[in-house]
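The values are calculated or read from the model by the stated rules, or taken from the named source; none is laboratory data. Here the structure is a predicted model, which means the values were calculated and not measured. Cβ atoms come from the backbone with ideal geometry, glycine included; neighbour counts cover every protein chain shown. SASA here: full protein model, heavy atoms, side chains in, ligands and nucleic acids out. Shrake-Rupley method; radii C 1.70, N 1.55, O 1.52, S 1.80 Å.
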Amino acid sequence: QVQLVESGGGLVQPGGSLRLSCVASGFIFSISPMGWYRQAPGKQRELVANIISGGGTNYADSVKGRFTISRDNAKNTVYLQMNSLKPEDTAVYYCNARVMKILPNRFDDYWGQGTQVTVSS
């Protein structure tokens, strides 16, 4: 079965950095688009960044220039490097995998349990 295990969250001061990791198993990681989403209390879940199998990336405007998504296909791991953190980055961060099905043009989305990121002095 598909499993996504996030780690790296915690408490950090404004301006600090964290690196989130998501270790994936149960699917062909190297061909699967991966993403990071976040959800703060009272807010909708939002896309932070995603990365496709060919390496192309997209970022939310709010994190552009501060966050970097990357993947290591040999380790089945996707990372989110977060620099210059702001209090408004506080949220639960979720790893997402878009797993292609045998049926053409079909996929399932899978989610990790999430890791808490708190930015506060």
Three principal axis lengths of the range 28-73 [C-alpha, angstrom, descending] = 34, 23, 12
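Kindly state, to the nearest 0.05, the FRET efficiency for S120 paired with R45, given R0 = 25 Å and r defined as their beta-carbon distance.
Efficiency, from the Cβ-Cβ distance: 0.70.
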Quick one: give the max-minus-min coordinate of the C-alpha atoms of the range 1-47 along each principal axis, largest first, in Å.
-> 37, 23, 17
For the range 2-11, what does the Karplus curve 6.51 cos²θ - 1.76 cosθ + 1.60, with θ = phi - 60°, yield as ³J(HN,Hα) per residue in whole Hz, taken in order and with x for Gly and Pro?
-> 6, 9, 10, 10, 8, 7, x, x, x, 9
Ignoring ligands, DNA and RNA, what percent of the 1.4 Å accessible area of the chain is carbon and sulfur?
-> 48 percent
How far apart, in nm, are the 7 Å Cα→Cβ label points at S62 and L103?
-> 3.4 nm
Per residue, in Å², the accessible surface of the chain once ligands and nucleic acids are set aside, probe 1.4 Å | 56 Å²
Within the set A74, A97, A49, GNM on the chain using Cα springs under 10 Å gives the largest fluctuation to A74
Highest-first arrangement of 102-112, 35-45, where packing means the average Cβ count within 10 Å = 35-45, 102-112
What nm distance separates the two modelled labels at S84 and V2, each placed 7 Å from Cα along Cα→Cβ?
-> 3.3 nm
Specify the residue with the greatest mean-square fluctuation among L11, L85, L20, computed from a Gaussian network of the chain linking alpha-carbon atoms under 10 Å apart.
-> L11
When N counts the residues of the chain, how does its alpha-carbon radius of gyration compare numerically with 2.2 N^0.38 Å, as a ratio?
-> 1.04
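How high is the relative contact order of the range 1-95, in percent, counting Cα pairs under 8 Å that sit 6 or more residues apart?
34 percent
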